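The values are calculated or read from the model by the stated rules, or taken from the named source; none is laboratory data. Given the structure is predicted, the values throughout are model-derived calculations rather than measurements. Cβ atoms come from the backbone with ideal geometry, glycine included; neighbour counts cover every protein chain shown. We work out accessible area using only protein heavy atoms, side chains counted, and drop any ligands, DNA or RNA first. Shrake-Rupley method; radii C 1.70, N 1.55, O 1.52, S 1.80 Å.
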Amino acid sequence: MYGSGIIKGLGVTLKHFVATYIEDLRYVLKGGRYTDQAMPVRQGPRARGVFTVQYPEERLPVPENFRYIPFLVFDTQKNEDKCTSCGICAKVCPPQCIWIVRTNDPKTNRPVPQPAEFYIDATVCMSCGLCAEFCPFDAIKMDHDYELSSFERFNNLVFDKARLTKPDTYHAQIHPTDWAREQAEIAEKAAKDAEKAAAAAAKKAAAAKPADAPKPADAPKPAA
Amino acid sequence: MAGKVAAPVAELTGPLAVLKEKFSEALSPGEFEGAVIKNENLVEVAKFMRDDLGYDYLSSVTGVDYPAANEVEVVYHAYSARHGLHNGKPLVFKARAPRDNSVVPSLVSVWPGADFQEREAWDLMGIKFEGHPNLRRILMWEGFAGHPLRKDWHEAYFEQDNKPFDSRWPGGHHTRAEDRVPLADNVAFPPGFDPTDFNSQAETTLVERARSVDVSELGQLVSSDGNGSGSGNGHIADAIQTDHLIVNLGPQHPSTHGVFRMVITLEGETILKLEPVMGYLHRNHEKIGERNTFIQNMPFTDRLDYIASMSNNLGYALAVEKLMKVTPPERAEYIRILMVELTRICNHMWAIGFLLNDLGAFFTPALYAIEERELVLDLFEAASGSRMMCNYMRFGGVARDLPEGWIEKCRDLVFNRLPKATDDLDHFLSENEIIRARCEGVGNLTAEQAVAYSAAGPLLRASGVPYDVRRAEPYSIYDRFDFDVAVRYHGDVYDRYLIRLDEIRQSIRILQQALDQMPGGGEIQAGKKQYQTRVPAGQAYGRVDGPKGELGFYVVSDGNPNPYRYHIRAPSFINLTALGEMCKGQKIADVVIILGSIDIVLGETDR
Ligand code: SF4
Ligand code: SF4
């Protein structure tokens with residue numbers, strides 16, 4: 001029959017239209033359709049009616065793995081940057097948008113594991129996440145903040161160290177799983193170190209001659 | 001030969017031995033699995049390969065520059081598509097020419113699918129293909145000096161031959177590339193070219209080509225579709241003393257799915273000739289890729305076909321894994337399959353939705369069709385961190401394991417939602433009289449033509465050639481799954497629509513099996529993940545059956561941290577070779593849906 005395709009199609013739209021209002025009513029008792037609980041359901045496999053989310057008034061939560069321009073983690077307990085300016089992130093970065101100036105000890109002129117300057121050119125960064133993936137010190141992580149528009153398109157978007165640095169509490173909050181893994185690794189390492197130290201002490205006592213305390217091979221911060 | 005990839009010289013075996021016997025002197029073994037063929041015999045040998053050995057499908061043609069040996073090389077990969085011979089293995093052969101006089105005979109007369117690829121090799125690598133009917137630049141414009149994939153060519157903001165750049169660490173004070181190399185100092189023009197005052201030679205040639213239609217074909221074209229010229233010989237333009245109309249469609253045209261242009265010669269409303277013009281989105285992906293380290297290319301592959309980044313990731317990973325000789329652990333293999341098959345579903349739903357757009361049903365059906373895609377992208381985002389630029393695969397594995405709850409969500413989608421969504425699409429669209437009236441019998445491509453033009457993917461299979469890389473030369477773990485290679489036989493727009501539905505259903509089958517078989521845990525990366533991958537010297541061609549067709553990565557490594565050559569066989573690009581043929585004799589109004597039915601993405605076409 002001619003026209004049946006059109007009628008079928010309009011039927012789909014009508015169904016969605018009506019379902020939207022029915023859904024609205026269902027959510028009245030649960031505090032409305034626009035709560036954080038409702039949002040993933042509204043745009044999820046069980047969604048009925050309108051599927052879209054009215055950004056920016058409403059927004060979907062981002063998953064933990066979500067990656068946007070990176071930030072540097074600041075260790076609030078030790079009160080220092082976690083970054084050792086090893087340069088791996090700058091080397092792996094595909095568009096080469098990370099610039100790092102390594103700190104040199106003014107007296108000895110030897111490198112110190114602290115970045116003096118750290119830039120990420122956000123206009124170039126492709127948010128690929130490779131820097132965070134390959135940093136051996138968990139010092140750089142991908143952010144969840146995707147609203148970075150600015151009225152000035154040059155200097156405002158070259159992020160310097162101050163702008164990039166965020167406390168580890170923020171990291172723990174947005175990446176709970178990753179944070180838990182880090183804490184577990186730290187704890188494991190501390191236990192191992194303690195064990196090693198104990199073994200060394202025992203050995204020392206047994207041999208009764210001086211031996212150097214074992215140095216952890218990959219300590220994040222050798223004392224500068 | 002310094003700078004040359006040296007590997008043990010292979011003996012000529014199998015089909016190569018047959019060739020050697022027949023052409024003896026013309027063939028010599030190379031330091032790769034294939035043969036080098038003398039230029040003067042190339043066409044003859046190629047004909048023999050096609051007709052007697054069954055290599056009817058020329059998958060990839062590309063060039064490699066070896067300044068140290070003062071040589072350029074053309075690499076061909078041919079397969080047997082209609083005959084399905086040789087276990088799906090390629091016949092790799094090469095032609096060589098000196099750098100300063102790089103002329104190689106064209107194989108367009110043997111495999112018309114070489115057309116755009118040879119033009120690309122000329123454009124980017126400066127290899128002249130003697131006997132090519134239309135050897136002009138295809139991606140660059142006429143004011144471009146040089147051939148960018150030559151090793152001695154430097155881009156506008158050239159900093160250093162290879163990444164990582166020394167200026168980034170340890171004394172990395174931020175500078176902007178534009179400040180370092182000021183604008184106007186960074187561009188070169190060909191000799192005698194004045195950018196402020198020039199008459200475009202390229203445009204003149206385009207118009208001339210559009211004007212010069214083969215009059216002998218006209219009668220057939222115009223009367224064959226009942227255009228009603230009445231006179232029988234069909235040359236209306238003569239009868240009413242008018243000229244052919246040349247219509248320029250694009251590059252800025254919503255129907256072209258990006259920036260793509262077609263120059264169309266019309267007789268009345270009937271298309272006599274159509275020439276695609278592209279390159280507006282060209283960014284020299286391959287040159288960027290050769291400056292990058294191996295791992296750095298991974299996120300760049302996302303930007304090729306940005307609807308299907310997971311498939312691109314897989315193709316590249318497979319090519320490099322061939323060189324590294326690593327295989328990912330079980331769990332990673334399954335994760336990869338899940339990802340690429342979900343990608344195929346998204347892509348086809350997108351393609352179907354936007355075909356309706358092209359038919360004039362503006363956006364309402366398209367938005368319904370891509371609802372499922374939204375949910376699949378949620379899964380991608382949860383696993384990889386990004387909805388479209390997934391950057392998820394690594395050499396020998398995947399970037400990270402699936403987060404908690406992912407599998408359950410995926411199961412829900414694959415078992416409960418996607419089958420129904422596909423049936424819905426089918427139910428609402430397949431019998432729709434407008435779709436049938438506009439799509440059936442439009443944009444025909446026969447099986448012979450499809451194979452000859454190196455068409456791939458749904459375009460090839462809708463023309464009655466059941467050729468699917470997943471079956472012909474199974475990669476990853478596709479040999480474990482029970483699925484059918486979708487095939488349709490009319491080769492028109494309607495069949496290209498139907499085949500996408502078929503493929504979605506097959507993908508769902510694969511996904512269901514993969515979810516059932518998948519190990520619950522385990523490694524996701526073979527070996528230690530390194531930020532600078534060591535890739536042994538050699539060359540590899542990794543290909544996957546992406547949603548758009550056969551996506552191939554040809555990678556040459558010389559043992560350095562950067563690929564020596566990195567080439568992409570882009571299905572969107574090569575499928576367009578057949579566009580002119582498909583549009584001949586069709587109505588101008590149908591151009592848009594014929595193009596839509598190929599399903600191109602300009603990010604991949606232009607690279
Ligand atoms: S890889 Fe990590 S520790 Fe090394 S420089 Fe980058 S952020 Fe700092
Ligand atoms: S996210 Fe990618 S592009 Fe951005 S700074 Fe990190 S490595 Fe570079």
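Filter segment A:137-152 for residues that are closer than 17 Å to residue A:88 by Cβ and within 11 Å of ligand 2 (Cβ to nearest atom) and give the result. Scanning segment A:137-152 gives A:140, A:141, A:142.
Go through segment A:139-153 and give me each residue that's open to solvent by 90 Å² or more (accessible area, probe 1.4 Å) and over 23 Å from the mean Cα position of the chain (by Cα). First the steps, then the outcome.
At the first step, the residues of segment A:139-153 found to be open to solvent by 90 Å² or more (accessible area, probe 1.4 Å) are A:149, A:151, A:153.
Within segment A:139-153, A:151, A:153 qualify.
Sort out which residues of segment B:485-518 are among the hydrophobic types (A, V, I, L, M, F, W, C) and assigned to a helix (DSSP H, G or I), and write them in order of number. Before you say what the answer is, go through the steps one by one.
Keep residues of segment B:485-518 that are among the hydrophobic types (A, V, I, L, M, F, W, C), which gives B:485-487, B:493, B:498-499, B:501, B:504, B:508, B:510-511, B:514-515, B:518.
Result: B:493, B:498, B:499, B:501, B:504, B:508, B:510, B:511, B:514, B:515.
Give, as residue ranges, the strands (runs of 3 or more DSSP E) completely inside segment B:519-607 that count at least 2 residues that are open to solvent by 30 Å² or more (accessible area, probe 1.4 Å) and not β-branched (Val, Ile, Thr). I'd like the intermediate steps shown before the answer.
Details: elements: B:538-546, B:549-557, B:565-569.
Because the criterion is at least 2 residues that are open to solvent by 30 Å² or more (accessible area, probe 1.4 Å) and not β-branched (Val, Ile, Thr), no strands (runs of 3 or more DSSP E) in segment B:519-607 meet it.
Taking each residue of segment A:6-25 that is closer than 16 Å to residue B:361 by Cβ and looking for partners that are open to solvent by 40 Å² or more (accessible area, probe 1.4 Å) and of a type in the set (Ser, Thr, Tyr) with beta-carbon atoms closer than 8 Å, six or more apart or interchain, yields A:9/B:364; A:12/B:368; A:13/B:364.
Identify, please: which residue in segment A:91-109 is of a type in the set (D, E, K, R) and not in a loop (DSSP other than H, G, I, E, B) and is, among those, farthest from ligand 2 (Cβ to nearest atom)?
Let us first name the residues in segment A:91-109 that are of a type in the set (D, E, K, R), namely A:91, A:102, A:105, A:107.
This time we only want the ones that are not in a loop (DSSP other than H, G, I, E, B), so: A:91, A:102.
On the way: A:91: 10, A:102: 17 Å.
In this case the residue turns out to be A:102.
Would you say residue A:93 is under 18 Å from residue A:116 (Cβ atoms), within 15 Å of ligand 1 (Cβ to nearest atom), surrounded by 22 or more Cβ atoms within 10 Å (Cβ to Cβ) and more than 7 Å from chain B (Cβ to nearest Cβ)? Spelling it out, it is not the case that residue A:93 is under 18 Å from residue A:116 (Cβ atoms), within 15 Å of ligand 1 (Cβ to nearest atom), surrounded by 22 or more Cβ atoms within 10 Å (Cβ to Cβ) and more than 7 Å from chain B (Cβ to nearest Cβ). Being among the hydroxyl-bearing types (Ser, Thr, Tyr), open to solvent by less than 50 Å² (accessible area, probe 1.4 Å) and within 13 Å of chain A (Cβ to nearest Cβ) is a condition met by no residue of segment B:168-183.
For residue B:418, state whether it is open to solvent by less than 10 Å² (accessible area, probe 1.4 Å), over 19 Å from residue A:67 (Cβ atoms), modelled with pLDDT of 90 or more and at the interface with chain A (Cβ under 10 Å from one of its Cβ atoms). Working first, answer last.
Values: open to solvent by less than 10 Å² (accessible area, probe 1.4 Å): yes; over 19 Å from residue A:67 (Cβ atoms): yes; modelled with pLDDT of 90 or more: yes; at the interface with chain A (Cβ under 10 Å from one of its Cβ atoms): yes.
Here the answer is yes, as residue B:418 does meet what is asked.
For residue B:459, indicate whether it is surrounded by fewer than 21 Cβ atoms within 10 Å (Cβ to Cβ), more than 14 Å from every other protein chain (Cβ to nearest Cβ) and assigned to a helix (DSSP H, G or I). So residue B:459 fails the test. Does segment B:357-369 contain at least one residue that is within 10 Å of another protein chain (Cβ to nearest Cβ) and buried (at least 23 other Cβ atoms within 10 Å of the Cβ)? Yes, some residue in segment B:357-369 is within 10 Å of another protein chain (Cβ to nearest Cβ) and buried (at least 23 other Cβ atoms within 10 Å of the Cβ). Within segment A:154-180, restricting attention to residues that are assigned to a helix (DSSP H, G or I), without any contact (Cβ under 8 Å) to a residue 40 or more places away in the chain and open to solvent by less than 50 Å² (accessible area, probe 1.4 Å), which residue is farthest from ligand 1 (Cβ to nearest atom)? Filtering segment A:154-180 for residues that are assigned to a helix (DSSP H, G or I), without any contact (Cβ under 8 Å) to a residue 40 or more places away in the chain and open to solvent by less than 50 Å² (accessible area, probe 1.4 Å), the one farthest from ligand 1 (Cβ to nearest atom) comes out as A:157. Of the candidates B:111, B:122, the single residue that is crowded, with 21+ Cβ neighbours inside 10 Å, assigned to a loop (DSSP other than H, G, I, E, B) and at pLDDT 90 or above is B:111. Residue count for segment B:280-323 under the criterion of being among the aliphatic types (A, V, I, L, M), out of contact with any helix residue (DSSP H, G or I) (no Cβ under 7 Å at 6 or more places or on another chain) and surrounded by fewer than 21 Cβ atoms within 10 Å (Cβ to Cβ): the result is 0.
Regarding residue B:402, is this residue of a type outside the set (Ser, Thr, Tyr) and either assigned to a helix (DSSP H, G or I) or facing chain A (nearest Cβ under 8 Å) (or both)? Even if it seems obvious, please write down each step before you answer.
On the way: of a type outside the set (Ser, Thr, Tyr): yes; either assigned to a helix (DSSP H, G or I) or facing chain A (nearest Cβ under 8 Å) (or both): no.
In short, no.
It is to be established whether one or more residues within segment B:390-398 are touching a residue at least 60 places away in the same chain (Cβ under 8 Å) and part of a helix (DSSP H, G or I).
So the first thing to find is which residues in segment B:390-398 are touching a residue at least 60 places away in the same chain (Cβ under 8 Å), and the list is B:390-398.
This time we only want the ones that are part of a helix (DSSP H, G or I), so: none.
The answer is no; no qualifying residue exists.
Scan segment A:96-107 for residues that are more than 13 Å from chain B (Cβ to nearest Cβ) and either charged (D, E, K, R) or within 12 Å of ligand 1 (Cβ to nearest atom) (or both) and the total you get is 2.
Looking only at residues of segment A:114-136 that are surrounded by 19 or more Cβ atoms within 10 Å (Cβ to Cβ) and more than 10 Å from chain B (Cβ to nearest Cβ), we find that the one that is nearest to ligand 2 (Cβ to nearest atom) is A:125. When residue A:98 is tested against (1) under 33 Å from the mean Cα position of the chain (by Cα); (2) not assigned by TED's automatic domain parsing to the domain that holds residue A:155, just one condition goes unmet, and that condition is (2). Between B:61, B:45, the distinction of being more than 25 Å from the chain's Cα centre (by Cα) and either buried (at least 19 other Cβ atoms within 10 Å of the Cβ) or at pLDDT 90 or above (or both) belongs to B:45 only. Scanning segment B:195-253 for residues that are open to solvent by 60 Å² or more (accessible area, probe 1.4 Å) and in contact with a His (Cβ under 9 Å, 6 or more places away or on another chain), which turns out modelled with the highest pLDDT? Out of the qualifying residues, it is B:211. Residue count for segment A:76-90 satisfying the condition of being more than 13 Å from ligand 2 (Cβ to nearest atom) and touching a helix residue (DSSP H, G or I) at 6+ places or on another chain (Cβ under 6 Å): 1. Out of the residues in segment A:57-82 meeting the condition of being more than 12 Å from every other protein chain (Cβ to nearest Cβ), in a loop (DSSP other than H, G, I, E, B) and in contact with a strand residue (DSSP E or B) (Cβ under 9 Å, 6 or more places away or on another chain), tell me which one is farthest from ligand 1 (Cβ to nearest atom). Looking at residues that are more than 12 Å from every other protein chain (Cβ to nearest Cβ), in a loop (DSSP other than H, G, I, E, B) and in contact with a strand residue (DSSP E or B) (Cβ under 9 Å, 6 or more places away or on another chain), I get A:76. Restricting attention to segment A:1-55, the residues that are open to solvent by 80 Å² or more (accessible area, probe 1.4 Å), within 14 Å of chain B (Cβ to nearest Cβ), assigned to a loop (DSSP other than H, G, I, E, B) and over 27 Å from residue A:147 (Cα atoms) total 4. Across segment B:385-398, the qualifying residues are those that are facing chain A (nearest Cβ under 7 Å) and open to solvent by less than 10 Å² (accessible area, probe 1.4 Å), and the one among them that is farthest from the chain's Cα centre (by Cα) is B:385. In this structure, is residue A:147 acidic (Asp, Glu), more than 10 Å from ligand 1 (Cβ to nearest atom) and part of a strand (DSSP E or B)? No, not satisfied.
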